[in-house]
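The values are calculated or read from the model by the stated rules, or taken from the named source; none is laboratory data. Please read all numbers here as calculations on a predicted model, not as lab measurements. Methodologically, a virtual Cβ is constructed for each residue, glycine included, from the backbone with ideal geometry; neighbour enumeration extends over all protein chains shown. Surface accessibility is based on the protein's heavy atoms, side chains included, excluding ligands, DNA and RNA. Shrake-Rupley method; radii C 1.70, N 1.55, O 1.52, S 1.80 Å.
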Amino acid sequence: ALEITLLYRIFEFWLPLAAGVGSYAIKGRHIFMRLAPALLIFTLGVINILSAITPPDNHRIFLLKQYIDSDVMHASNLLTILLGLLLLITAAYLIKGLKTAWIIAVAVVSLSLIMNITKALDWEEASFAFFTLIILLFTYKQYRLKSNKAAVHSGLITCFIVIAFVLLFETLGFYFLQKRHFHQEFTWADSFWNALHTFLLITNDDIKPFTRFGKDFIISIHTLSAGTIVFLVFSIFRASTARPQRTENDQELAEAILQEHGNTAVDYFKLAADKIFFFSPDNEGFISYRIAGGFAIVLDEPVCDEEDKIDMIKAFDKETRRLGLKQAYYRVDEDSLYYFEAAKKHKLLIGQEAVLDIEEFTLEGKDKKSLRNGLNSLSKKGFTTKIHQPPLKADLLQQLKSISDEWLQFYDKKESVFSQGMFEETELINHEVVALHDNTGNVVAFLNIIPDHTPGGITYDMIRKSAVAPGAAMDALIIELIRHAKEKNLRWLNLGLVPFSGIETPGSPAERVVKFAYEKVKRFQHFQGLRDFKAKYASQWLNKYLVYDNDFDLVELPTVLNKVMVPVKEKNHQLAPSQ
């Protein structure tokens, strides 16, 4: 009966659990390779501390004393505690992918292996340390975020100066407080060694304060020592904050390349002030990106000749490795995914872009009846649409600014950039604007037309309305934009991206999460309304992807993408169009 029960539990629970863990380790191996070392390091830190404070095996101690002096064993035990504390700190930085953390982890784990042997012949702990070391060496490619050498150098100098002053303070304290508070006589050498022991948080039985002041002195120097050690560790782990800078020549070169090779609706934003440029060695192509959270987030794909794109992607990969950055490409077209296959990158469908075939669009037919009724209602109420040519007049800009502010407040929105624009009068003054006027001539809704480098294409950026604008206001703007595009003999109108939409059959767990958020999470359900609006015009939907290096990056990328979409004031904003 017992055997049957055990077999039942094995087949019912333990084997499915093992199979699930194995499947996860294979399919999610990149996440596993990033999480496993940090978990092992943290566990080893706990093991080191517990092993050092628990009584050792007497038989092992007897064997070890035949080869190692007792003082060495005692020092190894104390060092094991310090190594355990350092491992606990290092684990947090390993998750971030910091290369310095990996180097320190390898060194500390190697020392832990030795110390666990020399303190009490603890071969179990040493074996675990050896296993952790193998995993660290196997996953070294996962750690590429470099520390800022200048910041680390400055921090270390400051830290060593602080250490020198702390040791000086402790040495003087022991020397002048010796008789009254410690009932001992210390030489200068004794005082220094006592200070060093106390700084390293090592217990010294020879130092026994007999007064309240003496005890407070020991507590104060322990506090100073611990704070200095924490500051030292922080100085070593400081992540890189340095970033490339763009110049006026970079801006001019990027503009020239874009005029020759631009072919997407978001190319206009690749020149924006929040972007940094990476140029090919022959200056015939560039990549537009922004740095945040240890990532270089690229907008779309490289701007260059088709046959050079794969080489550009490989060159940028080397550049980001040199800078200690990870990378991701945002809003990549499905037809361009093969450029990234050689680099073995991963992809995630993040939404669809609506495109209208202008030549085929008509207001005729039953499916356009509600659209016609809305436009007719606007006409009867005296609303009219008008295209304002640049440069826009000051009074018109003021009206547009008022509508934009009202729209942001009414819909509880914030300005977002990177792949779209924000209200900026210095830029808007040079754009064509489609406006909806009421019967008194005031503007109640508008959209601004931006350069579209797609052959035969036209697109807009902001489309905003006041709180009192009628329901069909946005439709009136789009219809007027279509009419304007027909006059210019343009073929395609890009209506922009609908995030999270278009995932019918998820191809990965991440896409299943995106699909669930789009359909079930209330915060993202407004995207369904956005899709319904654009679906009235869209002739086709183009899949757009996020391209990244490994699955673990998806843990950080949502936060990083939010950061790159927050407007910033660049020092060189005059060099590029501001969003």
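What's the FRET efficiency of E334 with N430 using the Cβ-Cβ distance as r and R₀ = 25 Å, to the nearest 0.05? The pair E334/N430 has a calculated efficiency of 0.15. Counting every pair of alpha carbons in the stretch 343-486, the share spaced more than 18 Å apart comes to 61 percent. If R0 is taken as 25 Å, the Cβ-Cβ distance between L172 and V72 corresponds to a FRET efficiency of 0.20. Only protein atoms count toward the accessible area here, which uses a 1.4 Å probe; on the chain, the carbon and sulfur part of that area reaches 61 percent.
Counted over the stretch 241-361, the DSSP beta bridges are approximately 65% antiparallel.
The longest stretch of the chain left intact once loop-based GluC sites (Glu not before Pro) with at most 14 other Cβ atoms within 10 Å are removed from consideration, loops following DSSP, is 1-184. One decimal place: the segment Q245-S539 gains 101.7 nm when fully extended, by the rule 0.36 nm per residue minus the C-alpha distance.
With all protein chains kept in place, the per residue accessible area of the chain amounts to 52 square angstrom at a probe of 1.4 angstrom. Placing +1 on each Lys and Arg Cβ and -1 on each Asp and Glu Cβ, with no other charges, gives the chain a dipole about its Cα centre of roughly 1380 debye.
Model label sites at R321 and D357, defined 7 Å from Cα along the beta-carbon direction, differ in position by 4.5 nm.
Rounded to the nearest 10 degrees, what's the angle between the helix 99-120 long axis and the longest principal axis of the chain, both from Cα atoms, 0 to 90? For 99-120 against the chain, the angle is about 20 degrees. Antiparallel beta bridges, as assigned by DSSP with both residues in the chain, represent about 85 percent of the total such bridges. Extension gain S220-N439, at 0.36 nm per residue separation less the Cα-Cα distance, in nm? My answer for the length gained is 71.1 nm. Pair-distance distribution P(r) for the chain, from all Cα-Cα distances in 20 Å bins starting at 0: 16, 38, 26, 16, 4, 0 percent.
Ranking V564, V468 by solvent-accessible area of protein heavy atoms (1.4 Å probe, all protein chains present), from largest to smallest, gives V468, V564. Here the gap between T43 and L196, fully extended at 0.36 nm per residue and compared with their Cα-Cα distance, gives a gain of 52.2 nm. Over the residues of the chain, the helix contribution to mean residue ellipticity at 222 nm works out to -17000 deg cm²/dmol, using -39500 (n - 2.57) for each DSSP H run of at least 4. Assuming R0 = 60 Å, what is the FRET efficiency of I114 and Y8, from their Cβ-Cβ distance, to the nearest 0.05? Once the sixth-power term is evaluated, E becomes 0.85. Give the residues of the stretch 269-291 whose amide nitrogen is closer than 16 Å to a point set 7 Å from the Cα of D308 in the direction of its Cβ. Zone members listed by number: 277-288.
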